[in-house]
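Asker: Encoded as structure tokens, here's the structure I'll be asking about.
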Amino acid sequence: MPKVDLVLFDMDDVLCVSDKQHRCAYLADLTGTTAQRVWAAIWGSGIDAAADAGTISTTTYLREVALQLRVPFSADQWLEARKSSMTPAPEVLELVAEVGKTHRIAVLTNNSELVGDNIDYLFPELRPLFGDLIFPSSIFGAAKPDPRCFVACLAHLGVKPQSGYFIDDRAENVAGAIKSGMQGHVFGGAEGLRQGLQQAGIL
């Protein structure tokens with residue numbers, strides 16, 4: 001098994017629990033609409049996927065969501081709802097700190113630059129662990145599981161794919177990482193992750 005130089009973590013539902021239903025209800029309250037309309041506007045319309053892949057800008061994303069909802073909608077409202085829906089996973093963050101003592105670590109999350117630019121507000125626990133190596137997929141012009149997303153991220157970091165190890169809760173995203181040449185682990189909890197890291201010789 002190749003030596004691992006970089007351990008790359010997904011964010012949502014790995015480093016934190018991300019509750020989309022809560023986010024929809026929260027945004028519905030903020031904007032005076034329904035959770036069903038919020039879900040349809042963001043995830044049902046394809047706007048969120050386009051923002052994750054970097055094919056539309058943050059400005060376009062917010063404008064299109066507002067048009068879908070037919071109510072005023074601001075970045076501050078989006079960020080407030082996003083933060084309220086995220087619960088850090090302390091056992092996983094402890095593992096991250098342990099891995100970071102011996103390996104380079106980074107975050108690759110399917111998100112727009114709205115998340116990347118505001119990560120210290122949304123998830124302040126990340127910066128002390130990862131420094132500046134927190135990347136939304138949008139900056140690479142592709143989203144997971146597209147192998148191009150991984151290849152671009154690794155090239156940016158100067159890491160060969162065979163030296164990278166990727167962790168995500170979605171099997172298809174791990175499959176995309178493996179297709180790019182990385183090793184991978186499908187996250188199902190902190191204990192399973194510890195075992196996977198040990199098997200890979202990372203811990």
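Every read-out reported here was derived from the displayed coordinates using simple, explicitly stated rules and does not represent laboratory data. Quick caveat: nothing in here was measured; it's all calculated off a predicted structure. Here Cβ is always computed from backbone atoms with ideal geometry, including for glycine, and neighbour counts include all displayed protein chains.
Asker: Taking 29 Å as the cut-off for C-alpha to C-alpha distance, list the pairs among Lys20/Lys160; Lys83/Lys160; Lys20/Lys101; Lys101/Lys160 that go past it.
Answerer: On the way: Lys20/Lys160 34 Å; Lys83/Lys160 34 Å; Lys20/Lys101 33 Å; Lys101/Lys160 20 Å.
The answer is Lys20/Lys160; Lys83/Lys160; Lys20/Lys101.
Asker: Given charges of +1 on the Cβ of Lys and Arg and -1 on the Cβ of Asp and Glu, with all other atoms neutral, how large is the dipole of the range 20-84 about its Cα centre, in debye to the nearest 20?
Answerer: 100 debye
Asker: Here's another thing I want to ask about it. Round to the nearest 10 and give me the degree value, 0 to 90, for the angle of helix 147-157's Cα axis relative to the longest principal axis of the chain.
Answerer: Long axis of 147-157 versus the principal axis of the chain: about 70 degrees.
Asker: Compute a Gaussian network model of the chain, connecting alpha carbons closer than 10 Å, and tell me which residue from Phe135, Phe123, Phe166 fluctuates the most.
Answerer: Phe123
Asker: Rounding to the nearest 10 and keeping the result within 0 to 90°, find how far the Cα-based axis of helix 90-100 lies from the longest principal axis of the chain.
Answerer: For 90-100 against the chain, the angle is about 50 degrees.
Asker: Angle, helix 58-69 long axis vs. longest principal axis of the chain, Cα atoms, 0 to 90°, nearest 10?
Answerer: Between the helix axis and the principal axis of the chain, the angle is about 50 degrees.
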